[in-house]
1. Would you mind ranking B:154, B:63 so that the residue whose beta carbon has the fewest other beta carbons within 10 Å leads the list?
2. Between the range A:67-84 and the range B:67-96, what's the alpha-carbon centroid distance in Å?
3. Per-residue mean of other chain beta-carbon atoms within 10 angstrom of the beta-carbon, peptide B:154-160?
4. Tell me, what HN-Hα J-couplings in whole Hz come from the Karplus equation 6.51 cos²θ - 1.76 cosθ + 1.60 at θ = phi - 60° for each residue of the range B:39-54, using x for Gly and Pro?
5. Given the peptides B:159-167, B:131-139, arrange them by the average over their residues of other C-beta atoms within 10 Å, most packed first.
6. Please average, across the residues of B:34-40, the number of beta carbons from any other chain that are within 10 Å of each residue's own beta carbon, and give a whole number.
7. Over the whole of A:51-62, what's the average partner chain Cβ count within 10 Å per residue? Rounded to a whole number, please.
8. I need the phi-derived Karplus couplings for the range A:28-37: 6.51 cos²θ - 1.76 cosθ + 1.60, θ = phi - 60°, integer Hz, Gly and Pro marked x.
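Just so you know, all these numbers are worked out from the coordinates, no wet-lab data involved. Note that the structure is predicted; figures quoted are calculated from it, not measured. In this analysis, Cβ positions are derived from the backbone assuming ideal geometry, glycine residues included, and neighbour counts consider all displayed protein chains.
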Amino acid sequence: MMTGNNDSNDLREREWRLQEQARLDQKLGVAAEGSARALRYRRLARELEQPLDAALPSNFPHAQVMRIEAIAAERRRADKHFERRLRWGFFGGYGVFMLAGALVYRDDNVGWLDSRVIDGLVSNPWVPALLGCVVFAYVLRIRPRRWFASSK
Amino acid sequence: MSPRLAPLSPDHMTSDRALVEAVLDKRPGAFERLVGEYQGLCWHIVYRLVRQPEDAQNMCQETFLRVHQNLHQYRHDCPLKHWIGRVAYSIALRHLQRRKIALGAELQSDEALVLPEDEAEYFDYAAACDDAQAAHRLREAVDALAPLPRMLLTLYHFEDVSIPDIAQITALPPGTIKSHLFRARLRLRERLESGDFQ
């Protein structure tokens, strides 16, 4: 049994050497000669050195650079939009906060603020509605684009 | 299972390091040079695995996009060629898994392998080289191999990548790679012994 395994290993080892010799001979351009088996491996080695039937386009590296630059530019543009909206959102929120602060001061009868101005703003229902619309519009404009960008 | 990293040759280190630093410094033309240098390897890995030119081209694009995004993570602990090859291989592998295409990585026991004897004692090498029809059929036989052995043959013969280097790219043990090469070449030799090539 042991002898059988050894014989089989020897055969495989010999076959592997034939395959490797054919590959090396083909690389070195040595003349093809030897047994029919060696010549078949040599023919195979020759075939495996042939270019594939399809290739990347010749301008692939340049196109790849263009593509990456376009992606980076799009990302920069999206970041800039987002930053601008965030800034406006922040200032809008800040304005609302200031107005709320002013109302609290007025209700607590803080004397330094002219209550007529606050009363004028609050008594007009269009002012808080307009403020709410502005904040809502910013929130709506930011979110769908961000969802869209993350789902791509 | 990840094979041990091969030591770098000084040439590899200097050229890879210079190229990577140039790309990270955003020097003009650096990334284009990197793509130009490694697109062949990437194409051979991906195209041999997936066989569809359009899919393969998209995957090459994805490979270099990922290389560009993650190059700062490259630690110079292996040649850049292996690092890029691994990215390409993993992308193509995921594509095959998604499409449920068998990679052909399973090896039967060596005991089951029967070495064929030469049936024909004579083989006309010159005629076999000149026969375009026979060459076409041999190419078809190569294409009919499972994706993994097909890719291994191309890396080993065409790209001239050594077995330890292929092990780095594919994370397969060198013995497994050797076994795939051996069996694939044996099968193709059998095809050459068939009537088509006499």
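1. B:154, B:63
2. For the range A:67-84 versus the range B:67-96, the Cα centre distance is 25 Å.
3. Averaged over the peptide's residues, the number is 3.
4. With coefficients 6.51, -1.76 and 1.60, one gets 5, x, 4, 4, 4, 5, 5, 6, 5, 5, 7, 9, 6, 9, x, 5 Hz.
5. Ranking, from highest mean packing down: B:159-167, B:131-139.
6. For peptide B:34-40, the averaged partner shielding equals 4.
7. 6
8. 7, x, 5, 4, 7, 7, x, 5, 4, 5
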